[in-house]
Amino acid sequence: MTKILVIDDDRIYMKLLEVLLKNSYPDYEIFTTQSGPEGIEKAKKELPDIIILDIIMPDMDGYEVCKRLQSDEYTQPIPVIFLTVYETDSKNVIRGLESGALSFLSKPIGKDHLIAQVNVALRIRKAEKALRESEAGLKNAQQIAHMGSYESDLKSDQSVWSEEFYHVVGVEPGTPITNEKISKLIHPNDSGMFSQAISEMIEKKATNVRLEYRIIQPDGKIRWLDSQTRLIYDSDGEAIKLIGTAIDITERKQAEEELKQKMKQLERFNKVAVDRELRMIELKREINELLEKAGLEKKYSSPD
């Protein structure tokens, strides 16, 4: 049975998440704890498929909890989604990713955003379980998670893609691929960021980078990818190969954009409602003043 663990010291939010998850996934087991240490023990005991983890907790914050989960061979593969009231700026995002988190959920929590994030995390978890079983499991896992793998030789300018990676980027399986062709698939607004990230890896002799970027498929469709890339060096320290995986996160990105638009609509609605209420108060005050001038009794009481 699929298991989800929620770790949040705020009992109200923890219960809210528990209800949302149970309503959306009635066949799943939902576990909850209110502290970091208890959460770690529960994770080791139950080995959940994903963990939803609050960042701000008094005894041990989410960053430390995530690091400890990542250091244990049994809990390391479990995707972690961070809960935060912080603005998800680059500093917080980098710190979260460095501690091992998959993604972020901002409070207050929107149901659609929550479900989109959980679905992506569950697909990744299913993929990782399959990867450990066999090479055949690798192919199945990539199909389940819409995750493809690739290997790019920097000297020969040739690349090898898994079958699922061809499907993810919308290219006919078996099509010969060069690094130039890959660069042309990347959205023009993201190509500079992508190239800079790879250049910085080579310059700093780094080995890993994680990027989110858009591609334009041959049929014109735009898809979002979450890519994990590893750079391989030869004995002389020269970069010779890129290997990695990419998962289609378009569904998550669309949910995030829809949530953003809904929040803007809510803000506009709230403003209209507040303005209307203030105008009603002003009108009542003006009516009372006119009644008083006419020697009549006030009709409306003053607002508290």
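Hey, among the residues in segment 152-177 that are touching a strand residue (DSSP E or B) at 6+ places or on another chain (Cβ under 7 Å) and more than 27 Å from Ala127 (Cα to Cα), which one's surrounded by the fewest Cβ atoms within 10 Å (Cβ to Cβ)?
Ranking the qualifying residues of segment 152-177, first place goes to Lys155.
Examine segment 27-42 for a residue that is part of a strand (DSSP E or B) and of a type in the set (Phe, Trp, Tyr), and state whether such a residue exists.
yes
Are any residues in segment 213-258 assigned to a loop (DSSP other than H, G, I, E, B) and among the β-branched types (Val, Ile, Thr), and if so, which ones? Don't jump to the end; show me each part of the working.
Within segment 213-258, the subset assigned to a loop (DSSP other than H, G, I, E, B) is 217-221, 234-238, 249.
Correct list: Ile249 only.
Only one residue in Glu200, Glu172 is closer than 23 Å to Ile94 by Cα and either out of contact with any helix residue (DSSP H, G or I) (no Cβ under 8 Å at 6 or more places or on another chain) or in a loop (DSSP other than H, G, I, E, B) (or both), so which one is that? Outline the logic, then answer.
Numbers: Glu172 fails: closer than 23 Å to Ile94 by Cα.
Selected residue: Glu200, the only one of Glu200, Glu172 that is closer than 23 Å to Ile94 by Cα and either out of contact with any helix residue (DSSP H, G or I) (no Cβ under 8 Å at 6 or more places or on another chain) or in a loop (DSSP other than H, G, I, E, B) (or both).
Scan (1) part of a helix (DSSP H, G or I); (2) surrounded by 19 or more Cβ atoms within 10 Å (Cβ to Cβ); (3) more than 16 Å from the chain's Cα centre (by Cα) for the single condition Cys66 breaks and write down its number.
(3)
State yes or no: is Lys253 exposed (fewer than 12 other Cβ atoms within 10 Å of the Cβ) and outside the structural domain of Ala121 (by TED's automatic domain parsing)? Lay out the reasoning, then the answer.
On the way: exposed (fewer than 12 other Cβ atoms within 10 Å of the Cβ): no; outside the structural domain of Ala121 (by TED's automatic domain parsing): yes.
It is false that Lys253 is exposed (fewer than 12 other Cβ atoms within 10 Å of the Cβ) and outside the structural domain of Ala121 (by TED's automatic domain parsing).
Inspect all residues belonging to segment 259-281 and state whether any of them is of a type in the set (Gly, Ala, Ser), part of a helix (DSSP H, G or I) and either without any contact (Cβ under 8 Å) to a residue 60 or more places away in the chain or over 30 Å from Ser106 (Cβ atoms) (or both).
Yes, segment 259-281 contains at least one residue that is of a type in the set (Gly, Ala, Ser), part of a helix (DSSP H, G or I) and either without any contact (Cβ under 8 Å) to a residue 60 or more places away in the chain or over 30 Å from Ser106 (Cβ atoms) (or both).
Might you check whether a residue that is under 25 Å from Glu251 (Cα atoms), outside any helix (DSSP H, G or I) and in contact (Cβ under 8 Å) with a residue 40 or more places away in the chain occurs anywhere in segment 12-21?
no
The values are calculated or read from the model by the stated rules, or taken from the named source; none is laboratory data. Bear in mind that the values here come from a model prediction, so they are computed numbers and not experimental data. Reconstructed Cβ throughout: ideal geometry from the backbone, glycine too, with neighbour counts over all protein chains shown.
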